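What follows is a short report on a single structure.
We did not get these values from a lab; they are worked out from the coordinates using the rules stated. These numbers were taken from a predicted model, which means no experiment stands behind them. Counting neighbours? That spans all protein chains shown, and the Cβs are built from the backbone with ideal geometry, glycine included.
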Amino acid sequence: MKAAYKVAAVPDRVGLETLKGLAYIGGLARLAGEAAYITLVGPFRGQRLRPQRAFHQAMAVGVRAIPIVSLISFFVGLIMALQSAYELQRLGAIQFVADAVAISIVRELGPLITAIIVIGRSGSAFAAEIGTMKVTEEVDALETMAVPPVAFLVAPKFLAMLVMVPCLTIWADFMGVMGGCLFGVAGANFTFVSYLKATSDALVLHDISTGLAKSALFSVVITAVGCQEGFSTGAGAEEIGRSTTAAVVNSIFLVILVDLVFTTLFYITNRV
Amino acid sequence: MSESIPEAGRPVISVTDLRVNYGEREILHGISFDVERGETLVILGGSGSGKSTLLRTLVGLEKPSGGAVWIRGVNIAQASAREMDEIRKKMGVSFQGGALFGSMTVGDNVALPLREHTRLEESTIEIMVRIKLEQVGLASFEDFMPSQLSGGMKKRAAVARALALDPEILFFDEPSAGLDPIIAAGIDELILELKKAYAMSMVVVTHELASAFLIADRMLLIDRGSVIAMGAKKELADSTNPRVRQFLDRVPEPQVEDELNYLQMLTEDRKPRH
């Protein structure tokens, strides 16, 4: 009897969780939409854009992430070269290692690795910053001063991320190729110049632009999730930890989901 | 109780039958009162009485589920975002913990409303910031970060920020909470000074009896979401209502609490989630 009751409750739970998930995505879309409106349309309607705050964020999100993004994407490029060489060698096609690295880094790994580093550095920081402000009533204070929190807190981050994440991605692509180049020169009879030549022959502009388009989308997702988690922080310090964790986990999940959807779309639209 | 308010002049704030819900539960059960121009109204109440909810509703952070809150002739229960912003520029709020922005200096905190809402020159803003900080006794602290200030200084800085746009109404949330008696007395002194210097209306939410009797023109006692007493200090002090007497004479509740009541008290004390 009890078991039957539990089984009957399953569809209820599934439905409830689905609705919650949809509400969450809806909240993200609303927040991102509001930030996009303030950033892209607001200035033409006489609303204040806060360039110094966006600049400050851009420094934190972009410039300070360069060392770690460089290092990780260099390593990932090297790993990709090693892994693909293993298989290509058996086919006697080791000269294609440059192509393999170039395509995998520029189309997929560059944007994804960058996004994941940005989630860890900035997505979590957004949630912690806004969450702390929520707990200490600073968000309320903004509202009572007639300063809209989304315009003051989210829009500058949105703008900074929209500019900096694609920039970081370009840099990560370059560093990844450099990582592959290290293997190419050391283990596959390439010279530095011939490796770069092989890379540029392997790539078409479309590869780079789809990667950048994805990274722009990732930046929106990361900003929206980080800020949303921050705003939904309840009372108490332990809630900030919860928000930060949720921001990282949800961002990684949603970035990969968005990646899957858009990679599928690109695949379908270019098949013919 | 509400019939006893004199209707002289147009009140700055007029609350009629205000009801506020968090979800299903009603926190404020039909509250009515006025705040006259230039007067200081102290809202007294214990933990979980709904006094913080009342303040949050007055400053527009909570939406009423019934009744009306008229501020400067606009019902904020139905005001548009733009009307609400106009009202907010005319009021200052000093939060319990100060709510200074931790990433900005004290000076930038005070300058924020000026930078956001006026087109003043940066040099003018600097002067105004210095004047406001001087008024609260924090001259030469503008380059300090909020984390470098003590609790009392944070509250003073928060008052300076609330004063930045020369508000008509100043709201205080628990001005003396978490302060030692000497610092708390200093804050009371500051409130009295501001009262003398400006013709501002003030609404102070507190549970500190001594402080309330010092600064109030009129007092309002809230218990479990309803007004149980309202009037001048003397009227309140002479009240015979048993709950009022219990609060004023600091008589503890009977030890064994009804579990449901206790849970209710706990949850009411919490800040609402969004």
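Side notes on the structure shown:
- Shielding by partners - mean other protein chain Cβ count within 10 Å, residues of B:87-99: 4
- Order of B:Glu86, A:Glu34 under a 10 Å beta carbon neighbour criterion, fewest first: B:Glu86, A:Glu34
- Per-selection metrics, the protein assembly as shown (Cα): Rg and Dmax in Å: 29.3, 100
- In order along segment A:200-206, phi translates into HN-Hα couplings of 6, 5, 6, 9, 10, 4, 4 Hz, rounded to whole numbers, per the Karplus curve 6.51 cos²θ - 1.76 cosθ + 1.60 with θ = phi - 60° and x for Gly and Pro.
- Estimated purely from DSSP H runs of n ≥ 4, each contributing -39500 (n - 2.57), the mean residue ellipticity at 222 nm for chain B is -11000 deg cm²/dmol once divided by its residues.
- Eigenvalues of the alpha-carbon gyration tensor of segment A:1-137, scaled by 5 and square-rooted, set the equivalent ellipsoid semi-axes at 38, 32, 15 angstrom, largest first.
- Peptide A:145-151, shielding by other chains (average Cβ, 10 Å cutoff): 6
- The long axis of helix A:124-135 is offset from the longest Cα principal axis of chain A by roughly 10 degrees.
- Kirkwood Rh in Å, taken over segment A:67-267 so that all alpha-carbon pairs contribute: 18.1
- Hull shadow area, averaged, chain B [alpha-carbon convex hull, nm²]: 15.3
- Per DSSP, loop trypsin sites (Lys or Arg not before Pro) in segment A:213-272 with at most 10 further Cβ within 10 Å: A:Arg271
- Relative packing of A:178-184, B:104-110, B:24-30, which averages over residues the other C-beta atoms within 10 Å, highest first: A:178-184, B:104-110, B:24-30
- Equivalent ellipsoid semi-axes - Cα gyration tensor, segment A:78-155, angstrom: 49, 11, 5
- Bridging of A:Lys197 to lysines at a Cα separation below 26 Å is possible for A:Lys214, once same-chain residues fewer than 8 apart are set aside.
- The separation of segment A:49-77 from segment B:228-242, counted between C-alpha centres, amounts to 61 Å.
- Stokes-Einstein diffusion coefficient of segment B:7-53, Kirkwood radius over Cα pairs, 37 °C, 0.692 mPa s, in µm²/s: 270
- Taking amide H as placed 1.01 Å from N in the peptide plane, the amide H of B:Asn21 sits under 5 Å from that of B:Ile27, B:Ser65, each at least 5 places away or on another chain.
- Applying Stokes-Einstein at 20 °C and 1.002 mPa s to the Kirkwood radius of segment A:196-249, computed over alpha-carbon pairs, gives a translational diffusion coefficient of 157 µm² s⁻¹.
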